[in-house]
Amino acid sequence: MHLTDKFGRRISDLRISITDRCNYKCVYCRSGNDGPQFSEMDIAEYLRIARIFVELGITKVRLTGGEPLLRKGLVEMVRELGGMRTLEGRPLDIAITTNGHLLAELAQPLADAGLTRVTVSMDAVDPEHFARITRVPNGYERVLAGIRAAQRAGLHPVKVNCVLLRGFNDDQIIPFGVFAREEGAIVRFIEFMPLEEDRVWTPEIVITLDEIVRRMAAFMPLREVEHSRSETARRYRFEDGVGEIGIIAPVSQPFCGHCSRIRVTSDGKIRTCLFSVREHDLAALMLNGASDEEMIAFIQRAVDQKEERHHIGEAGFIPASRTMVHIGG
Ligand code: SF4
């Protein structure tokens, strides 16, 4: 049985936040200097959740946070996921989203354990700007070393996600284009979504897909590349064929119609959409000794309530019940 919502969308992509802790304090994400707010479950509990979702047709599992590389037992968790098979009998597509600070040390062990892809969140490609954003010294060099270690470990192509905010880091568009060409990483620009702690989001602060393409053309024109419907990023190559960028445009060009994602938070709550205002407490069910059958029925009921789409920028838009750092992306 494949999980499908009432709009006919097949749910094949599970994102599990395995910690709420982070070793960065990015100014637009964790502005409050507060620590973790939500608890963590045991790795064995996340693995049980993943196993049950895989039995319901999940083919991709992405581990997120906070910062997932902080979590002890991560390599063993990836190895266990590597042993699972999809309903079609294929290995899972296992990915991690990380800030890259600890990646240089962990890239090879994670690749050996079965990790297939890594995405590094990075919002500037000059050390000063990077330090101002993350409020962590010397982070840029460590992240660059992590990206290169991931490529050597075969986690190629490494994707680098950059959230753009007007007047904050939009001067990084062309430097990131150069970075993509020189480092051989796929840089993906993400339109800023109202999921930050300070609630500073306005439509004016968003750098849209069209604007990114236009501004990058001042450096070198882009050619759009075919992309599959469930992919969130529109893909582009530079006209000389060197380097690829992607643009994830949930604000100006929403892709909810093909959404295949479901999320589990670090404390075991199911979120059927990034912008969910309600959650489904799977952890409580597990704590009460639920069987696999009871968890499957609970998950199906949650998916039956999956939101059709987000309502960013619309009258009556209700902010998500959690900010991004507590969801995990
Ligand atoms: S906003 Fe919600 S429905 Fe839309 S793509 Fe994201 S998770 Fe899916």
### Summary
Sequence order, the range 140-154: Karplus ³J(HN,Hα) from phi using 6.51 cos²θ - 1.76 cosθ + 1.60, θ = phi - 60°, Hz rounded, Gly and Pro as x, gives 4, 4, 5, 5, 4, 5, x, 4, 5, 5, 5, 5, 4, 7, x
## Note on the structure
Amide H neighbours of R15 at under 5 Å, excluding residues fewer than 5 places away on the same chain, with H built from the backbone geometry, are R62, I262, R263, V264
## Note on the structure
Here FRET efficiency (C-beta to C-beta, R51 to D93, R₀ 25 Å, nearest 0.05) is 0.95
### Query
Considering amide H positions built from the backbone, and no H for Pro or chain starts, which residues 5 or more places from T4, or on another chain, come under 5 Å of its amide H?
I11
### Query
So which residue, out of F317, F238, F179, gets the largest mean-square fluctuation from a GNM of the chain using Cα contacts under 10 Å as springs?
F317
#### Entry: Tensor-based shape of the range 155-220 (alpha-carbon gyration tensor, a/c under 1.5 rounded, otherwise prolate or oblate)
oblate
#### Entry: Under Karplus coefficients 6.51, -1.76 and 1.60, residue-wise ³J(HN,Hα) of the range 11-24 in Hz, glycine/proline x
9, 10, 10, 9, 10, 10, 8, 9, 6, 9, 7, 8, 9, 10
### Query
Taking 0.36 nm per residue of separation and subtracting the Cα-Cα distance, what length does fully extending V277 through Q108 add?
57.0 nm
### Task
May I ask you to evaluate 6.51 cos²θ - 1.76 cosθ + 1.60, the Karplus curve with θ = phi - 60°, for each residue of the range 243-250 and list the ³J(HN,Hα) values in order in whole Hz, giving x for glycine and proline?
x, 10, 10, x, 9, 9, 10, x
### Query
Quick one: what does P(r) look like for the range 1-108 with 10 Å bins over all Cα pairs, in whole %?
13, 42, 30, 14, 1
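Using a cut-off of 13 Å between beta-carbons, work out the net charge of the residues near V160 (Lys and Arg +1, Asp and Glu -1, V160 not included).
On the way: positive: R117, R148, K159, R181, R188; negative: D123, E182, E183, E244.
Summing Lys/Arg as +1 and Asp/Glu as -1 gives +1.
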### Message
So if I take the centroid of the Cα atoms in the range 208-259 and the same for the range 310-325, what is the distance between those two points in Å?
### Response
24
#### Entry: Volume in Å³ per residue [convex hull over Cα atoms, computed for the chain]
130
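Give me the accessible area per residue for the chain, probe 1.4 Å, as a whole number in Å². Could the numbers behind the result be given before it?
On the way: 13680 Å² over 329 residues.
Each residue of the chain exposes 42 Å² on average to a 1.4 Å probe.
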### Task
Under 4.7 Å Cβ to Cβ, no partner at all: give me those cysteines from the chain, in residue order.
C22, C162, C256, C259, C273
### Task
Scan around V160 for amide H atoms under 5 Å from its own, H built in the peptide plane at 1.01 Å from N, and keep only partners 5 or more places away or cross-chain.
V120, I186, V187, R188
### Task
Calculate, in nm to one decimal, what E239 and E314 gain on full extension: separation in residues at 0.36 nm each, minus their alpha carbon distance.
23.4 nm
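Against the globular-protein guess of 2.2 N^0.38 Å, express the Cα radius of gyration of the range 191-245 as a ratio, rounded to two decimals. Display every interim value, and only then the final one.
Numbers: Rg = 13.9 Å, N = 55, 2.2 N^0.38 = 10.1 Å.
Expressed relative to 2.2 N^0.38 Å, the Cα Rg reads 1.38.
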### Query
Along the charge dipole of the chain, Cβ charges K/R +1 and D/E -1, which of I190, T119, S39 sits furthest on the positive end?
T119
### Query
Within the accessible area of the range 13-327, what % is carbon and sulfur when the probe is 1.4 Å and the other protein chains stay in place?
52
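Taking only DSSP H segments of four or more residues, each worth -39500 (n - 2.57), what value at 222 nm results for the chain once the sum is divided by all its residues, to the nearest 500 deg cm²/dmol? If you can, show how the numbers build up before the last one.
On the way: 9 runs with 93 residues, N = 329.
Using -39500 (n - 2.57) per qualifying helix, the result is -8500 deg cm²/dmol.
The values are calculated or read from the model by the stated rules, or taken from the named source; none is laboratory data. Small disclaimer: the values here were computed from a predicted structure and weren't measured. Note that each Cβ is placed from the backbone with ideal geometry, even for glycine, and that neighbours are counted across all protein chains shown. Keep in mind that these areas ignore ligands, DNA and RNA; they rest on the heavy atoms of the full protein, side chains included. Shrake-Rupley method; radii C 1.70, N 1.55, O 1.52, S 1.80 Å.
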